[in-house]
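Laboratory data are not the source of any read-out in this text; all were calculated from the coordinates shown. From a predicted model like this one, the values you see are computed outputs, not experimental measurements. Cβ placement follows ideal geometry from the backbone for every residue including glycine, while neighbour counts extend to all protein chains displayed.
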Amino acid sequence: MTGSPLEHGLFIAPYHDVNESPTIGLRRDLEIVEWVEKLGFAEAWFGEHHSTGWEIIGSPELMIAAAAERTHRIRLGTGVISMPYHNPLMVANRIIQLDHMTMGRVMFGMGPGLLPTDADMIGADIKSLRPMLEEVAEIIVPLLKGEEVTHKTAWYTLNKARTHLRPYSLPHPEIAVASAVTPSGGMLAGKHGFGMLCVAATESAGFDVLDENWRIANQVAAENGLAMDPRKLRLVVPMHIASTREKARADVAHGLARWCEYFDRVAPAGMRGLTGMGDPADLLVNSGRAVIGTPDDAIAMIERLQTKQGEFGVILFQSHNWADWEETKKSYELYARFVMPHFAGTNRNRQESYGDLTHAIDRLEGERQKGTAAAFAAWEARTGRSAS
């Protein structure tokens with residue numbers, strides 16, 4: 001790819017087994033953000049969910065506030081806030097407050113809401129969630145700019161509404177919308193010039209339409225006098241990395257099976273089929289849906305996405321907790337040690353220098369030996385004694 005260097009981040013739904021302590025799970029979500037910041041990751045996103053038992057963050061804003069106090073550089077995003085469940089003024093107030101508290105590190109991701117059980121609990125019409133998100137998109141930018149908004153829909157009313165604070169980031173914090181399989185995310189992003197969070201980039205249906213949804217976003221943007229920025233296009237990839245493929249599979253053997261049981265219950269119909277069909281690691285790896293292997297396998301996955309998509313800005317490493325804690329941390333470390341420098345070209349000069357050494361060492365070693373012999377000869381000429 002050309003253009004800006006690829007960046008790397010973390011996408012935390014999160015996934016915590018219903019048999020484990022939620023307290024420890026939430027604390028570890030914060031710890032892992034601290035860890036990946038030390039490793040050089042650029043951003044981390046927290047999801048919002050209210051049902052199913054596994055994805056236990058009800059407020060990504062709370063997680064961002066806590067993570068911001070533990071970190072210094074990493075950008076922190078809502079990935080995503082389910083806007084049909086909230087009054088947009090209240091959301092805008094919280095985002096702008098975080099914009100000040102993080103001194104410009106917050107990113108605002110929004111979506112229609114992924115879990116139908118969330119919508120069902122509050123009586124929201126599941127079929128209307130995407131149109132409701134589109135209604136919010138019409139007024140969210142002026143709200144985040146601190147402007148006054150009067151707007152009425154079937155589910156909220158704003159009467160000369162404005163946020164208490166004006167934003168720290170000008171003109172407003174970065175905005176992104178969730179995009180999975182349908183073109184709705186790309187159309188919405190293109191209409192308003194928002195970034196895109198491709199949360200199903202490696203799922204078969206999501207992968208197939210990656211470039212098409214980006215093309216749609218660019219077409220709609222052009223129709224609205226805007227231009228999409230590939231640096232704000234983010235692709236989510238499930239990965240677990242170890243020193244060997246065998247080690248990676250052993251690390252995730254138990255946790256992956258449990259996660260697949262959950263995913264097969266909650267995923268849309270076209271993304272199921274991970275249980276009762278043999279080894280789930282085989283299914284995920286052979287279909288290209290996940291990396292369970294080495295840093296080289298992760299590099300190959302990202303290059304596959306680049307070939308399909310073209311230029312994009314950020315790979316988001318999906319946080320899934322398939323492995324135990326230490327193996328999970330090691331997975332991120334191996335990614336930072338070997339995958340990130342590959343795409344940044346960090347080691348290009350070092351590798352060229354090493355290549356030069358390999359090709360020139362025999363000739364240079366001969367010259368070095370001549371210099372050594374000359375030094376001994378000079379010593380003998382001066383003292384009359386052998387240096388040996």
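The table that follows gives values for the structure above.
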read-out	value
Rounded Å value of the spacing that divides the Cα centres of the stretch 53-88 and the stretch 321-388	45 Å
Nearest-ten-degree value, helix 210-223 long axis tilted from longest Cα axis of the chain	60 degrees
5 angstrom amide H check on Met107, placed H, neighbours 5+ away	Leu76, Gly77, Thr78
Karplus 3J(HN,Hα) series, Hz, for the stretch 133-146 with 6.51 cos²θ - 1.76 cosθ + 1.60 (x for Gly, Pro)	4, 4, 4, 5, 4, 5, 10, 6, 5, x, 4, 5, 7, x
Relative exposure of Trp45, Trp379, Trp35, Trp54, judged by other C-beta atoms within 10 Å (fewest first)	Trp379, Trp35, Trp54, Trp45
Antiparallel DSSP beta bridges within the chain, as percent of all bridges there, nearest 5	5 percent
Magnitude of the charge dipole, the chain, Cβ model with Lys/Arg +1 and Asp/Glu -1, debye to 20	940 debye
Among (1) 1.12; (2) 0.99; (3) 0.95, the entry that matches Rg/Rh (Cα atoms, Kirkwood Rh) as calculated here	(1)
Convex hull volume of the stretch 348-388 per residue (C-alpha atoms, cubic angstrom)	72 Å³
Positive dipole terminus of the stretch 7-346, leading residue within Met90, Val236, Thr150 (C-beta point charges)	Thr150
Under-5 Å amide H pairs with Phe11, H placed in peptide plane, nonlocal only	Trp45, Phe317, Gln318, Ser319
Least to most buried among Glu134, Glu303 (fewest other Cβ within 10 Å first)	Glu303, Glu134
Fewest-first ranking of Ser331, Ser287, using other Cβ atoms within 10 Å as the exposure measure	Ser287, Ser331
Backbone HN-Hα couplings from phi across the stretch 91-108 [Karplus 6.51/-1.76/1.60, Hz, Gly and Pro as x]	5, 4, 4, 5, 5, 5, 4, 5, 4, 6, 5, 8, 6, x, 8, 7, 10, 10
Acute angle (nearest 10 degrees) that the helix 348-383 long axis makes with the longest principal axis of the chain, alpha-carbon atoms	30 degrees
Karplus 3J(HN,Hα) series, Hz, for the stretch 330-344 with 6.51 cos²θ - 1.76 cosθ + 1.60 (x for Gly, Pro)	5, 4, 5, 5, 4, 4, 5, 6, 10, 7, 4, x, 4, 7, 7
Area projected by the alpha carbon convex hull of the stretch 165-247, averaged over all directions, nm²	7.9 nm²
